[in-house]
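Read through the structure below, which is laid out as structure tokens, and then see the notes.
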Amino acid sequence: MKPGLGPQLEGRRILITGGGTGIGAATARACAAAGMQVMLSGRRLEPLEKVVGEIKSVGGEASLRIGDVVAPGASEQLIDAMDEDYGGIDAVFANAGYGIEKPVLDATPEEIRRIFDVNLVAAIDLMRATGRRLRQDGRPGHLLSCASILGKFTMPGYGLYSSTKAALTHVSRSMRCELHDDGIAVSSVHPVTTRTEFFNVAKKESGDGHGPVVKDGIPTHVPRIFVQPAEVVARAVVKCLRRPRAEVWTSQIGRLSAGIFEMFPPVYEAVLRSEMRRKRREAGPGR
């Protein structure tokens, strides 16, 4: 059995977490434009309603559910909601997540647990629950996780965030092999810096004295060649839904950089040391 949904997505049903803003919202619009029935979930009602309204205004099908992905039973509740609204589920995009930019020594145990719970544990739980439902029903499907270019390497201050994405990448790869013969495709998505509210949220979550310096939603130190709109990621996700692959890269320069770092560790270490010195200069004495 060939895994995945096939090139025709009309009438297929997808659940997208973190669907009210950024990559999740752009992907919801793109999936609906491809003819899919879309359910969005998130913690805030207003942005979800906005995206659902946009989709319906152009003749698409969309619904929403409010909730936190780390709440007990959240994954099963969302899958049950897909049954209620659309009679089942064909694909899921585990997109909910957030970032912090903070040295590991400065992070609290609560911050560490929270980012792993949201970015990794909840994503795995949702993919696992969806995969079990698909296999139980004997249907093909597609599980996607939103990883990151930082799932392949890290930077100073991003050790916790990047480790959640690296783990998610490995879990997705393992599940891809485990579920291949069941006709269930599994893919990880690796965006570069994307113009969303992500970095403004990261600034807030990082706490006083930490977090990126943000201008127009983008960290000031990020080269423009590594910046893209959320719609680029959304188009790549839809393309992957049509023709599954293990990893979805939205920037060839980003993919090449990750490969160079992996092949030449001394280059990677030199970049990390330079970045750490820049951060210390910006932070001032004593940091």
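Data for the structure
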item: Which numbered condition A185 fails, given (1) at pLDDT below 95; (2) touching a Pro at 6+ places or on another chain (Cβ under 6 Å); (3) not hydroxyl-bearing (S, T, Y); result: (1)
item: The stretch 34-55: number of residues that are open to solvent by 10 Å² or more (accessible area, probe 1.4 Å), more than 22 Å from K239 (Cα to Cα) and assigned to a helix (DSSP H, G or I); result: 6
item: The stretch 15-33, residues that are open to solvent by less than 10 Å² (accessible area, probe 1.4 Å) and either under 15 Å from the mean Cα position of the chain (by Cα) or over 11 Å from A91 (Cβ atoms) (or both); result: L15, I16, T17, G19, G24, A25, A26, T27, A28
item: The lone exception for A166 - which of (1) open to solvent by 60 Å² or more (accessible area, probe 1.4 Å); (2) modelled with pLDDT of 95 or more it fails; result: (1)
item: Residue in the stretch 207-215 that is assigned to a loop (DSSP other than H, G, I, E, B) and at pLDDT 90 or above present; result: no
item: Cβ-Cβ under 6 Å pairs, at least 6 apart or on other chains, the stretch 124-143 side closer than 19 Å to L241 by Cα and of a type outside the set (K, R), far side at pLDDT below 95 and not in a helix (DSSP H, G or I); result: H142/G4; H142/L5
item: Hits in the stretch 56-72 - residues which are part of a loop (DSSP other than H, G, I, E, B) and within 23 Å of K239 (Cβ to Cβ); result: V58, G59, G60
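The values are calculated or read from the model by the stated rules, or taken from the named source; none is laboratory data. Quick caveat, the model's predicted, so the values are computed rather than measured. With ideal geometry, Cβ positions are generated from the backbone for all residues, glycine too; neighbour counts draw on all protein chains shown. All accessible areas refer to the heavy atoms of the entire protein, side chains included, with ligands and DNA or RNA removed. Shrake-Rupley method; radii C 1.70, N 1.55, O 1.52, S 1.80 Å.
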